[in-house]
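The values are calculated or read from the model by the stated rules, or taken from the named source; none is laboratory data. All of these numbers come straight from a predicted model, not from anything done at the bench. Please note: Cβ atoms are built from the backbone with ideal geometry, for glycine as well, and neighbour counts cover all protein chains shown.
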């Protein structure tokens with residue numbers, strides 16, 4: 001169900017993907033959760049999508065088995081049963097000579113584009129489904145891009161980890177990859193252009209190349225679809241012109257490295273990051289895990305750590321964080337130490353709702369009707 005903040009008769013759903021399975025929780029108040037799982041025990045769950053557009057709830061899961069390989073499974077009954085396509089939801093055409101390694105991102109499109117679901121994968125590729133995520137078609141415009149041979153693999157792999165269809169224009173889509181940077185299509189995915197001006201790449205000979213940046217995550221502002229926020233491999237940025245140029249908004253943060261970037265679903269200018277000490281250390285600054293929120297598009301940042309374990313040397317990965325659409329907005333994240341935190345007040349206070357899990361790879365939250 002679509003939700004604009006009225007959650008008086010709704011249930012909160014929290015999905016947590018780890019290195020060894022997935023847990024699903026439901027709650028009436030975002031404080032006490034009832035969890036089921038592990039679903040897909042001993043399988044890696046790097047991506048989850050929750051689709052509530054048609055008045056029901058479909059959970060889409062990128063499952064990676066060391067034996068059977070990766071696929072996308074879905075459930076329409078909150079995980080009681082799962083459907084996996086016989087021949088795989090995502091299969092490379094024979095002429096590509098490629099095989100699917102991992103599904104990094106599952107992104108339902110906007111409410112006025114029912115059935116459309118996007119996936120970002122490894123090897124670097126973008127896929128589109130028009131049947132609710134049951135079957136996907138390779139985007140050939142990106143796959144055949146002349147830059148492909150120069151895209152590299154980040155520390156975790158060659159990931160197309162962000163897919164952001166514009167709510168204002170069905171032909172405009174932004175993607176981000178590690179490594180390669182931000183690319184934009186304005187013709188529905190037929191062609192793609194790099195959009196990284198202003199984003200640094202200190203690990204390359206040219207500190208500001210046209211492409212090749214290791215962008216870790218991108219989120220779109222709720223008030224203006226041409227405003228986006230990016231957490232880079234060193235650097236936090238905002239664009240006000242749909243990606244044509246980027247400016248730093250890292251001032252006021254204890255570190256400009258990190259993996260996560262979240263944006264408020266309704267309020268312009270509000271975003272959250274989880275700073276990590278420079279990539280040579282990869283721990284929270286001084287071992288103090290904290291979320292930082294801006295309410296003015298990055299001009300200032302507030303440190304939010306009420307209820308978080310101190311000290312905590314664990315990292316939050318790029319998709320191990322999520323917001324819901326309730327009022328006030330809920331903020332959720334999980335650590336590589338296996339603790340999942342929930343906030344029902346936009347990050348002002350947190351409480352652990354799951355502990356002792358394997359590495360948390362993906363967290364998704366939604367307001368659903370039962």
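Which members of segment 267-280 meet the condition of being without any contact (Cβ under 8 Å) to a residue 40 or more places away in the chain, surrounded by 14 or more Cβ atoms within 10 Å (Cβ to Cβ) and part of a loop (DSSP other than H, G, I, E, B)?
277
Quick one: which of 304, 289 is in contact with a strand residue (DSSP E or B) (Cβ under 6 Å, 6 or more places away or on another chain) and either surrounded by 16 or more Cβ atoms within 10 Å (Cβ to Cβ) or at pLDDT below 95 (or both)?
Only one candidate passes the filter, namely 304.
Quick check: anything in segment 86-96 in contact (Cβ under 8 Å) with a residue 60 or more places away in the chain, assigned to a loop (DSSP other than H, G, I, E, B) and under 21 Å from the mean Cα position of the chain (by Cα)?
Among the residues of segment 86-96, not one is in contact (Cβ under 8 Å) with a residue 60 or more places away in the chain, assigned to a loop (DSSP other than H, G, I, E, B) and under 21 Å from the mean Cα position of the chain (by Cα), which makes the answer no.
Within segment 157-196, how many residues turn out to be under 19 Å from residue 49 (Cβ atoms), assigned to a loop (DSSP other than H, G, I, E, B) and out of contact with any helix residue (DSSP H, G or I) (no Cβ under 8 Å at 6 or more places or on another chain)?
Adding up the residues that qualify gives 3.
Evaluate the following for residue 345: is it modelled with pLDDT of 95 or more, in a loop (DSSP other than H, G, I, E, B), out of contact with any helix residue (DSSP H, G or I) (no Cβ under 9 Å at 6 or more places or on another chain) and surrounded by fewer than 16 Cβ atoms within 10 Å (Cβ to Cβ)?
Yes: the conditions hold for residue 345.
Looking only at segment 225-240, count how many residues are at pLDDT 95 or above and not in a strand (DSSP E or B).
Number satisfying all stated conditions: 5.
Going by the conditions given, is residue 281 out of contact with any strand residue (DSSP E or B) (no Cβ under 7 Å at 6 or more places or on another chain) and under 19 Å from residue 219 (Cβ atoms)?
Spelling it out, it is not the case that residue 281 is out of contact with any strand residue (DSSP E or B) (no Cβ under 7 Å at 6 or more places or on another chain) and under 19 Å from residue 219 (Cβ atoms).
For segment 79-109, which positions are modelled with pLDDT under 95 and surrounded by fewer than 21 Cβ atoms within 10 Å (Cβ to Cβ)?
Within segment 79-109, 84, 85, 86, 87, 88 meet the criteria.
Taking segment 130-143 on its own, how many of its residues are within 28 Å of residue 155 (Cβ to Cβ) and part of a strand (DSSP E or B)?
Adding up the residues that qualify gives 1.
If only one of 293, 364 is part of a strand (DSSP E or B), under 21 Å from residue 43 (Cα atoms), touching a residue at least 40 places away in the same chain (Cβ under 8 Å) and within 18 Å of the chain's Cα centre (by Cα), which one is it?
Testing whether each residue is part of a strand (DSSP E or B), under 21 Å from residue 43 (Cα atoms), touching a residue at least 40 places away in the same chain (Cβ under 8 Å) and within 18 Å of the chain's Cα centre (by Cα) leaves just 364.
Anything in segment 64-77 that is modelled with pLDDT under 95 and assigned to a loop (DSSP other than H, G, I, E, B)? List them, or say none.
Hits for segment 64-77 are 66, 67, 68.
Please note which strands (runs of 3 or more DSSP E) are completely contained in segment 296-339 and include at least 2 residues that are closer than 27 Å to residue 49 by Cα and touching a residue at least 24 places away in the same chain (Cβ under 8 Å).
321-323, 331-334
Given 75, 47, 65, which one is over 30 Å from residue 148 (Cα atoms) and in contact with a strand residue (DSSP E or B) (Cβ under 9 Å, 6 or more places away or on another chain)?
75
With respect to residue 218, determine if the residue is farther than 23 Å from residue 360 by Cβ, part of a strand (DSSP E or B) and at pLDDT 95 or above.
no
Answer with yes or no whether residue 127 is part of a strand (DSSP E or B), at pLDDT 95 or above and more than 23 Å from residue 263 (Cβ to Cβ).
It is true that residue 127 is part of a strand (DSSP E or B), at pLDDT 95 or above and more than 23 Å from residue 263 (Cβ to Cβ).
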